[in-house]
Structures are given as C-alpha cells and as structure tokens.
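Step one of this worksheet: look at the structure below.
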Amino acid sequence: MGLIILLVVGGLIGWVASMIMRDNNGIIINVIVGIVGAMLAGFVVTPLIGGAPITSGVINIGTIGVSLLGAIVLLAIINLFRRGTVR
C-alpha cells in the first residue's frame, strides 16, 4: 500500500513541479521526477530540518513541501542537461 501511495503522491508532486517550472515532459517523466525528487529530498533535506521522509509513509505538509522542492531541483537539473538552460 505504501508503494501505491508513493507512486500517486510522487506523480502529483512531479506534475506540480512541472507546472511550476513550465515544463512539459509527459506523465511518465513527471512521475519519475516526483518519486526520485521526493526520495532525494527525503534523504538529504529531511535530516537537516527534522521530520520523517515521505518514503516512511508519513504524508503531511512538511513532507510534501520537501518532496516538491526536491522534484523542482531535479527537474531544473534535467532541464539544464537537456536544454542547456534551467528556464
């Protein structure tokens, strides 16, 4: 059940990140960016600010915000390598 929730929340976070970055990569890339960004932010940022990562199953405003931040940063890095600009 946790994996399904991670996929759904990761997909939504990836979609919101693509809307913020004004990027149109498609649904599959949005889900991948959302999940990987959430995992990276959960492992890197969450220990610095405290709280539980989204991979632990805890979903609240803090975990969603950190995951969204991770997805936006990951999407900016992807755009930098693909297009040469962050946008």
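The values are calculated or read from the model by the stated rules, or taken from the named source; none is laboratory data. Because the structure is predicted, anything quoted here is derived from the model rather than measured. When we count neighbours, we look across all protein chains shown, and the Cβ atoms used for this are built from the backbone with ideal geometry, even at glycine. The protein model used for the area step is the full one, side chains on, heavy atoms only, and it has no ligands, DNA or RNA in it. Shrake-Rupley method; radii C 1.70, N 1.55, O 1.52, S 1.80 Å.
At 1.4 Å probe radius, can you tell me the per residue accessible area of the chain in Å²?
60
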So what's the angle, to the nearest 10 degrees on a 0 to 90 scale, between helix 2-20 and the longest Cα principal axis of the chain?
-> 40
Which order do peptides 31-41, 56-66 fall in by mean Cβ count within 10 Å, highest first?
-> 31-41, 56-66
Percent relative contact order of the chain, based on C-alpha pairs within less than 8 angstrom and at least six residues apart?
-> 32
Hey, if we sort ILE5, ILE78 by accessible area with the 1.4 Å probe, largest down, what's the order?
-> ILE5, ILE78
Residue-wise HN-Hα coupling along segment 30-45, computed from phi with Karplus coefficients 6.51, -1.76, 1.60 (Hz; x: Gly, Pro) | 4, 5, 5, 5, x, 5, 5, x, 5, 5, 4, 5, x, 7, 9, 7
Per-residue ³J(HN,Hα) for segment 60-72, Karplus 6.51 cos²θ - 1.76 cosθ + 1.60, θ = phi - 60°, Hz, x for Gly and Pro = 9, 4, x, 5, 5, x, 5, 5, 5, 4, x, 5, 5
